[in-house]
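Each reported figure results from applying straightforward, stated rules to the coordinates on display, with no laboratory input. Computed from a prediction, not measured in an experiment: that's the story for all the values here. Cβ placement follows ideal geometry from the backbone for every residue including glycine, while neighbour counts extend to all protein chains displayed.
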Number of protein chains: 2
Amino acid sequence: MKISIYEDNDKLRELIEMLIGSSNEFKVVGSYHNTHDILNKVIQDQPDVIIMDIDMPEHDGVEGVQIIKQKFHDIKIIMHTVFDDDDRLFTCLQHGADGYILKKDAPTLLFNAIKEVSAGGAPMSSDIARRVLQTFRKSDKPLNDYHLTDREKEILELLTKGFTYRMIGIACKISIETVRRHLKNIYQKLHVQSGTEAVAKAVTEQLLKN
Amino acid sequence: MKISIYEDNDKLRELIEMLIGSSNEFKVVGSYHNTHDILNKVIQDQPDVIIMDIDMPEHDGVEGVQIIKQKFHDIKIIMHTVFDDDDRLFTCLQHGADGYILKKDAPTLLFNAIKEVSAGGAPMSSDIARRVLQTFRKSDKPLNDYHLTDREKEILELLTKGFTYRMIGIACKISIETVRRHLKNIYQKLHVQSGTEAVAKAVTEQLLKN
DNA sequence: GTTGAAATAACCCTTTTGGGTCAGAACTTC
DNA sequence: GAAGTTCTGACCCAAAAGGGTTATTTCAAC
């Protein structure tokens, strides 16, 4: 299994090289201090797994992930970094990083991570995993509550589907006048003056889930 | 450290009890075959960590997570399940499950997971981790492209902010007639018949980023 | 058993919207 | 310079939307 390394700290890079080279399963085929010209380097080295630092001068790891994952989807990339920046974490994940190991973790974790990614897993430091799970949790916090009644939510939902007042009336088996009445109340509660505004608010603030 | 277990398969539950009981760090304080009346059970047992199956008759694990995490945010919950259902996976994570271990994994993984959650980590089977990371990746794929021009996107964006045609005209320094013209084109391209529909489509399909 | 909230419905009215059609100006591309 | 796209603007017209007012019914709560 061929590994290449991108890490600007020379000492650390050599350490990783040694660690990985010590195994007879892995072979280091490339080792660089930034992601400059990474595409050609990867084409030349043909690694199976890339270990990538984020913080590097000039061409950083975020760039690297982006470029490689766009062209070579099946080369696995493990981010290896100190952890101080949520934004870059999620940018990397978005662009398809396969694993995320912190530098403060034991070196054996990095070693195991290589095996895991090549087996199709997604090794993460527990700190990272927690951070990732938190993004899911966030979404169920109760944002805002405009005290819409069930009926009002129902009608607002149909409005977001592009129904006209008349269609809503038919769908709910009530007169169009009642639909208008409900929507008037809804607009008041949401502090909006039009259907489009109400829809925008409903969708972005997720007013319609339950 | 006090552990309680919810698992409908009696054999498996006993196995887990034994596994955990064999350690002198952990103590099983409760063991049940569904989540019926879980709130009182938890109040009585006062566990630090709960191991929770998802598939249980009558009162399942999804319910359990919901109820417990609502009241006792700091009791850690590890989901322990066969894996066949993305929906329930994400529902559990959303409600605050702290770890997610598959039954097919080695029992030692479950054992380690207990230590990890109590240390604030988020242990996951690699299958689960991969599934979770995939949800991030998904979001950057180019959904749909309706070939809106820059101007059209600009105007659609103002519409989603609840601007009327007139307000858009003023904001863009063009006549209201031109606004109407643009919106007619936009509606055609999006295959919608109204502003509300267009807004809903724009927001849910993220047509306005970039 | 009355108070109150929610849902239902009707009337008024003006403004806004959405569809049709037509057309000139500005700009790039070939 | 011809062709194509984009942005601009206009007119007509019917339908829809949005705001105001008033009122009945239902149903749970106190």
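Summarising the label geometry, the points placed 7 Å from Cα in the beta-carbon direction at A:Thr135 and A:His73 lie 2.0 nm from one another.
Distances between equivalent label points of B:Asp127 across the copies, with each point positioned 7 Å along Cα→Cβ, amount to 3.0 nm, shortest listed first. Between region B:156-210 and region A:161-210, how many Å separate their Cα centres? Spelled out, the Cα-based centre of one part sits 19 Å from the other. Extending 7 Å from the Cα toward the beta-carbon at both A:Arg166 and A:Gln46 defines two label points whose distance is 6.7 nm. Just to confirm my numbers, what's the Cα centroid distance between region A:78-105 and region A:4-61 in Å? Computed from Cα coordinates, the inter-centre distance equals 15 Å.
Between this copy and the others, label points of B:Lys173 are 5.6 nm apart in ascending order, each placed 7 angstrom from Cα in the Cβ direction.
As a test, work out the antiparallel percent of DSSP beta bridges whose residues both lie in region A:37-189, rounded to the nearest 5. Before the final figure, lay out the partial values.
Working: 0 of 9 bridges.
If we restrict to bridges inside region A:37-189, about 0 percent are antiparallel.
With a 10 Å cut-off around each Cβ of A:192-198, the average count of Cβ atoms from other chains is 6. In nanometres and ascending order, the distances from the A:Ser22 label point to those of the other copies are 3.0 (point 7 Å from Cα along Cα→Cβ). The sum of -39500 (n - 2.57) across all DSSP H runs of n ≥ 4, divided by the residue count of chain A, sets its helix-only mean residue ellipticity at 222 nm to -15500 deg cm²/dmol.
May I ask which of A:Lys153/B:Lys201; A:Lys2/B:Lys104; A:Lys27/A:Lys103; A:Lys201/B:Lys153; A:Lys153/B:Lys76; A:Lys161/B:Lys153 have a Cα-Cα span longer than 25 Å here? Intermediate values should be presented prior to the final figure.
Values: A:Lys153/B:Lys201 19 Å; A:Lys2/B:Lys104 30 Å; A:Lys27/A:Lys103 21 Å; A:Lys201/B:Lys153 18 Å; A:Lys153/B:Lys76 34 Å; A:Lys161/B:Lys153 20 Å.
Listed pairs above 25 Å: A:Lys2/B:Lys104; A:Lys153/B:Lys76.
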